Amino acid sequence: MKQWIFILILLSHFTFGQNPDFEQFDNDKSAKDSLMYSKLKTKMGKSKIGRQIYGFLFRDVYNSNALKNEIDKLEANPFAAYEGKTIGKITVHQLDIFGPTVNDTTRRGNRFERFASKNFHYDTRERVIRKSFLLFKEGDKLDPRTLKDTERLLRANPIIHDARILVTERKGSNWLVDILILVQDVWSINFDVSAGSLKDFKIGVEDRNFQGNGHSFLNKVSWRKDDPYQQLGLRSIYTVPYIGKTFITGQISAIYEKDLNQFSVKAFRPFLTVDTKNAGAFEVGYYKIREYKKIRTDQTDKDLIYQTGYYYSDLWYGRAFKPRIFNANERLIVAVRRTSYEFRKRPEVSADTNKIYWNRTTILGSIGYSNRFYKRDVLIYGFGRTEDVPTGSLLSFTFGSEQTEFGAREYAGLQFANGTYLANNKGYLYVLANAGTYLKNKEAQQGVLGLQSFYFSPLMKLGRAQSRNFINLGFTYGINRDPIDYLNISGYDGILGVNSDALRGDKRLTLGMESVLFSKKSLLGFRIAYFTFANFGMVSLKDVKLFSSKVYQGFGLGLRLRNENLTFNTFQIRIGYYPNIPLSTPFRFSFDGIQPLRLRDFDISAPTIVPLR
């Protein structure tokens, strides 16, 4: 009886287990936690049901400083000591998806987790890892940067939770080394189910590691009986990442839904590493999209709903060069691209209206400079997994011409980006500036000026938890855009938690601030982060000055739950207050799933028209 009273007391303090990946907590507090959990485990271990409840709710505590120390060691590149030595045996070791980590392979999950890992999950096949992910092979001379890039590529794949490469010298040899690759998958099957009633529901399932081959297979069915446009919705997407040893990803999509019909095939290969010399992509498909727009006439807003349908093709190729004056991480990249839109259904177009719906063929070229590095960190967008933060810079100039049904026009664009960790551990700062426009008869058409800046602070200890602050600043200015081609400041474009077409225009300024508290607690394996946010935005239509518009505001708080060993989206609960946005009520509550975000890299890809966003 005493042990159950102890459990209730513990639960009343919301101590639902330890997150082993959250770092820099005081050693004395960790020791106290360890003693408390050891006592609880001993008390509950006296009965079978007690052992089962403990194994289901809690995780054993281990040294919480281990991960940060490992990350710091890796930043010094532990492979450098073995540079130039010959790679002997390569061993790939798959960890259970629950329990152990790449930093502590001795940890074990509870009985149910071990059973699920062995019986309901296909580990990524070893031949797939060896053939499609490794940038080196037995007999190669060890290149420290190649090993770091391989680690990063493994972690960047959505089927892999974490990866670590260990190098050991062969006994009795000073020129031969063996390599151990530790890989931990994520739980690959993801369900997406929602229902308002038997007349309105959605069921989806995705296997991101089909049969252990690394392939992703998504299938989704939706039913809306009272929908006037379309009742049944179907979606099926099959993706094959890194075909063979080519690092080419292929994808086939078949979507038949209310607002989107899509049938497409594409293959692409980005500049995965600094040493990648060739990149490109090919895509063909048919798209039918239902558009929801607003247009202002006589000082009143009018809703427009119409469909567009078009055939689309896209082909691009890029080549990276390393001039002698460049250092190891610098590249000169030249690329060319051809895209084509052939509309079968669209609103009325003319020489000066609805240019985004013109039939057109665009040929672009670009030349750019890229300087790329990566620094390992934790607790940015992830909940404890190793995150590879891109640092460096890029500068790219894009030029070309477009043939349309209303004549030819030229295009020119410029992009600059820089990202770096600030000196004296002051955080990370990213800046992107771009500009681009079409030119016809010396007049700018569909032009864009943009500036984006992103900052996150260093990890700060707050009691027994960790905290980061995030700041986003964005400015976009549209030049000679058509009335239905506009910006919005709803949602992730500015004001989180709202979706209103009233917040639109051809220029906008937004500021977003968020503080995140990464708790040391976990609930049933889901790690918890609490957050508060404040968003501000200004937007105005053509011929209205931006700074004469209202400053729209949003404030709120919430929490996020995520299990890094699962492919599920991050669960988010948010309460927002919007004092001056035209809504039915100033308060909004939401519970939804969000995709983990990723920081922008500094690779130069296809020559691109600067988008209005």
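Observations on the structure shown:
- All Cα pairs of the chain, percent lying beyond 31 Å: 60
- When the listed pairs Lys202/Lys293; Lys345/Lys542; Lys199/Lys345; Lys202/Lys375; Lys322/Lys375 are checked against a 32 Å cut-off, the alpha-carbon distance exceeds it for Lys202/Lys375.
- Summarised as an ellipsoid, segment 429-494 has semi-axes of 38, 14, 5 Å, derived from the eigenvalues of the Cα gyration tensor scaled by 5 and square-rooted, with the largest first.
- For the chain, adding -39500 (n - 2.57) for each run of n ≥ 4 DSSP H residues and dividing by the number of residues yields -4000 deg cm²/dmol at 222 nm.
- Accessible area per residue for the chain is 49 Å², calculated with a 1.4 Å probe on protein heavy atoms, without ligands, DNA or RNA.
- Pairwise Cα separations in segment 501-564 fall into 5 Å bins from 0 onward with the following percentages, short to long: 4, 16, 19, 13, 11, 11, 9, 8, 6, 3, 1.
- In the distance distribution for segment 207-270, Cα-Cα pairs more than 18 Å apart total 46 percent.
- Each Lys or Arg adds one and each Asp or Glu takes one away; over the other residues whose Cβ falls under 10 Å from the Cβ of Ser540, this sums to +4.
- Principal semi-axes in Å for segment 167-245 [√(5λ), Cα gyration tensor, largest first]: 48, 13, 6
- Heavy-atom surface analysis with a 1.4 Å probe gives the chain a carbon and sulfur content of 58 percent of its accessible area.
- The amide H of Asp485, built 1.01 Å from its N in the peptide plane, has no neighbour under 5 Å, considering only residues 5 or more places off or on other chains.
- Computed E for Asp301/Thr532 - FRET, C-beta separation, R0 41 angstrom, nearest 0.05: 0.80
- R0 of 45 Å, Cβ-Cβ distance Arg290-Phe321: FRET efficiency to nearest 0.05: 0.50
- Whole-number D in µm²/s for segment 88-220 (Stokes-Einstein; Kirkwood sum over Cα pairs; 4 °C, 1.567 mPa s): 77
- For the peptides 228-241, 443-456, the ranking by packing is 443-456, 228-241, with the highest mean count of neighbouring Cβ atoms within 10 Å listed first.
- Modelled this way, with points 7 Å down the Cα-to-C-beta line, the labels at Leu166 and Leu462 are 3.6 nm from one another.
- Segments 425-437, 287-299 sorted - mean Cβ within 10 Å per residue, highest first: 425-437, 287-299
- Considering segment 370-443 at the alpha-carbon level, its Rg and Dmax are found to be 18.8, 56 Å.
The values are calculated or read from the model by the stated rules, or taken from the named source; none is laboratory data. This is a predicted model, so every value here is computed, not measured. As a convention, Cβ positions derive from the backbone with ideal geometry for all residues, glycine included, and neighbour counts pool all protein chains shown. Surface accessibility is based on the protein's heavy atoms, side chains included, excluding ligands, DNA and RNA. Shrake-Rupley method; radii C 1.70, N 1.55, O 1.52, S 1.80 Å.
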